[in-house]
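Step one of this worksheet: look at the structure below.
The values are calculated or read from the model by the stated rules, or taken from the named source; none is laboratory data. Computed from a prediction, not measured in an experiment: that's the story for all the values here. Note that we place each Cβ from the backbone using ideal geometry, even for glycine, and neighbour counts take in every protein chain shown.
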Amino acid sequence: MAFVFHNVNLGHPPIASHLPASSAAGRSTPGPWLGDIATAQDPDYGTGEFIYLKGVASTLRGSWVTYNADDFSTTLLAANAIGPVAIAMADTVANEFGWYQIQGKAVGKVLAGFVDDANVYATATAGSVDDAVVAGDRVQNAKGASAVGTPSAGLAEFEISRPFVNDALAD
């Protein structure tokens, strides 16, 4: 994926990159600042929206995370999570910062057997989703757009629109 910003965003790192904390904290260059939302376009995946967040250990490209709007920190998505959800655009581990997709056609980590057009559920495997129904763990506003293996092993395509989890029993 080669997302390119729609509007002029001088100083923003490319969508599929990350910055170490030393580069992001206390900088004098223009943004992005934690919580910034940008629109970018990819020739294959179309237009998407992205939010700039702080990474957490073990975050890989395609990892699903929940994020905290108070400090824009992330936690790998897992069963029983609550909050807004995003997908990492690059390996963005602890003390690094990067872009996470919140709207559009996205690529995310899935468990084996994920099928096209399926609902999306948080799993016990942190950072990955599956189509196996688990009460309370449905990722709202997210739908599978391919089977596992597209575009590569362990990944699938999704249609997302500001996804979230709320641990509601009636999914």
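Against the numbered list (1) assigned to a strand (DSSP E or B); (2) over 13 Å from the mean Cα position of the chain (by Cα); (3) not basic (K, R), G113 comes up short only at (1).
Total residues in the stretch 69-82 satisfying the condition of being within 13 Å of the chain's Cα centre (by Cα) and either part of a strand (DSSP E or B) or loosely packed, with under 15 Cβ neighbours inside 10 Å (or both): the figure is 4. Of the residues I87, I15, the single one that is surrounded by 15 or more Cβ atoms within 10 Å (Cβ to Cβ), modelled with pLDDT of 70 or more, among the aliphatic types (A, V, I, L, M) and not in a loop (DSSP other than H, G, I, E, B) is I87. The residues in the stretch 96-117 that are over 24 Å from T39 (Cα atoms) and surrounded by fewer than 21 Cβ atoms within 10 Å (Cβ to Cβ) can be counted, and the count is 6. Among the residues of the stretch 120-148, the ones that are touching a residue at least 40 places away in the same chain (Cβ under 8 Å), under 17 Å from A79 (Cβ atoms) and not hydroxyl-bearing (S, T, Y) come to 11 in all. So which residues in the stretch 134-171 are part of a loop (DSSP other than H, G, I, E, B) and either touching a Lys or Arg at 6+ places or on another chain (Cβ under 9 Å) or polar (S, T, N, Q) (or both), if there are any at all? Matches in the stretch 134-171: A145, S146, T150, S152, G154, N166, A168, D171. Within the stretch 39-66, the residues that satisfy the criterion of being among the small types (G, A, S) and closer than 23 Å to Q140 by Cβ are G46, G48, G62, S63.
Of all the numbered requirements in (1) at pLDDT 95 or above; (2) in contact with a Pro (Cβ under 9 Å, 6 or more places away or on another chain), E49 misses one, and that requirement is (2).
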